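Notes to accompany the following structure.
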Amino acid sequence: VQLVESGGGLVQAGGSLRLSCAASGILFRLSAMGWHRQAPGKQRELVATITSGGSTNYADSVRGRFTISRDNTKNTVYLQMNGLKPEDTAVYFCNAKAPAGINAWGQGTQVTVSS
């Protein structure tokens, strides 16, 4: 199982980024996918999830600014982040909950939002 995130970087407050997570080794179309983040000195927290059927859920702190989506033809999940704030600065991790009890994580991608 491999999850590879990309798209992180440095952006000014109010800007946008789109994160991607390419999955391999899992039945992607049957997997629930999610994005989590961890800021320095803080616990990892849920950002957004999307079920195999396309239902989405967001943390209150990002609802209305972030959008999670998936492309089952590319085995990829996305996180479109608009209206970024300095408090969004964190390492963002992709997560897959796949059949047979698989719970996999990517290596993370850094997002830094400057004020």
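Structure values in brief
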item	result
Answer residue from segment 57-66, given it is open to solvent by 70 Å² or more (accessible area, probe 1.4 Å) and of a type outside the set (Lys, Arg) and is farthest from Gly101 (Cα to Cα) among those	Gly64
Residue check, Ala90 of a type in the set (A, V, I, L, M), out of contact with any His (no Cβ under 8 Å at 6 or more places or on another chain), touching a residue at least 12 places away in the same chain (Cβ under 8 Å) and more than 18 Å from Ile26 (Cβ to Cβ)	yes
Pairs with Cβ under 9 Å, 6+ apart, first in segment 1-20 and without any contact (Cβ under 8 Å) to a residue 60 or more places away in the chain and under 16 Å from Phe66 (Cβ atoms), second among the aliphatic types (A, V, I, L, M) and open to solvent by 30 Å² or more (accessible area, probe 1.4 Å)	Ser20/Val4
Selected residue (only one of Leu17, Leu10, Leu30 is within 21 Å of Pro99 (Cβ to Cβ) and open to solvent by 20 Å² or more (accessible area, probe 1.4 Å))	Leu30
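The values are calculated or read from the model by the stated rules, or taken from the named source; none is laboratory data. On a predicted model such as this, the values are computed, not experimentally measured, just so you know. With ideal geometry, Cβ positions are generated from the backbone for all residues, glycine too; neighbour counts draw on all protein chains shown. Remember, those area values only see protein heavy atoms, side chains included, never the ligands or the DNA or RNA. Shrake-Rupley method; radii C 1.70, N 1.55, O 1.52, S 1.80 Å.
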